[in-house]
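Here the structure comes first, spelled out in structure tokens, and everything after it is commentary.
Coordinate-derived values only; no laboratory data. Every value quoted in this text rests on a predicted model; they were computed, and no experiment measured them. Cβ atoms come from the backbone with ideal geometry, glycine included; neighbour counts cover every protein chain shown.
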Amino acid sequence: DGGITQSPKYLFRKEGQNVTLSCEQNLNHDAMYWYRQDPGQGLRLIYYSQIVNDFQKGDIAEGYSVSREKKESFPLTVTSAQKNPTAFYLCASSSKETQYFGPGTRLLVL
Amino acid sequence: GQQVMQIPQYQHVQEGEDFTTYCNSSTTLSNIQWYKQRPGGHPVFLIQLVKSGEVKKQKRLTFQFGEAKKNSSLHITATQTTDVGTYFCAGRPYNQGGKLIFGQGTELSVKP
């Protein structure tokens, strides 16, 4: 099956802990994106990558880091510097115009 | 910064009533897309509009792109319970490296 997978579905973070969210796609898309969604709000762009080994900050990059070592993978690390990490995190990829979203990871702080 | 404003934030309708959500951008857009997110799900692409004044239809859904390419609307005729979810517009400004800017979304609930 072609598509985007995200894991885990739910993730719990303790204070001061870094956590990494996985995003994998087998659609052969060049571009990948990470969004954060808070209740009642739209999607806010955290980071995006248009090609392997290159990525750019989005609108709310502080407290997050990414890597793009492989075309298929774009993991997101939520660092301890992110003081309000509780949210729904969505990964997406695109070839030209349309973005295809993964099922999302819900991050909760203990 | 560039913004895409979407109204209303919530809309509750009786099944069979019509529904419209509106999207306005602070800058001219090269195109605008619409996505639907079912409760507990992820956004799914519905359609893209590119031309000034463009109108596209998908069964009971009608999408419009304004003449100035700064506003758009989605109209659903005779809503059904399967229409429940949050509808997002996403605009692509010129000279922004292909970034999409999402509106806040309109959450539609349909009472049977």
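Descriptive notes on the structure:
- Cut-off 13 Å between beta-carbons: net charge of the residues surrounding A:ASP30, Lys and Arg +1, Asp and Glu -1: +1
- Computed with the Debye formula from one identical point scatterer per Cα of chain A, without solvent, the log10 of I(q)/I(0) at q = 0.11 Å⁻¹ comes to -0.30.
- In segment A:61-90, the trypsin sites (Lys or Arg not before Pro) that fall in loop regions by DSSP, at most 13 other Cβ within 10 Å: A:LYS83
- Going by neighbour counts of Cβ atoms within 10 Å, the residues A:CYS23, B:CYS89, B:CYS23 line up, fewest first, as A:CYS23, B:CYS23, B:CYS89.
- For A:ALA31, the residues whose amide H sits under 5 Å from its own are A:SER94, ignoring neighbours fewer than 5 places away on the same chain, with H placed 1.01 Å from N.
- Percent RCO, i.e. relative contact order, over chain A, from Cα pairs under 8 Å lying at least 6 residues apart: 35 percent
- Exposure proxy ranking for A:SER80, A:SER94, based on other Cβ atoms within 10 angstrom of each Cβ and starting from the fewest, stands as A:SER80, A:SER94.
- The GluC sites (Glu not before Pro) found in segment A:8-110 that occupy coil by DSSP, while having at most 13 further C-beta atoms within 10 Å, are A:GLU15, A:GLU62, A:GLU69.
- Among A:SER22, B:SER52, sorting on how many other beta-carbon atoms sit within 10 Å of each Cβ, with the fewest leading, yields B:SER52, A:SER22.
- Scattering profile of segment B:34-101 at q = 0.20, 0.23, 0.26, 0.28 Å⁻¹ [log10 I(q)/I(0), Debye over alpha-carbon scatterers]: -0.88, -1.09, -1.26, -1.34
- Around A:PHE74: net Lys/Arg minus Asp/Glu count, Cβ-Cβ under 12 Å: -2
- Ratio Rg/Rh, restricted to the protein assembly as shown and using Cα atoms, in which Rh is the Kirkwood radius: 0.97
- 13 Å beta-carbon shell around A:ARG13, net charge (K/R +1, D/E -1): +2
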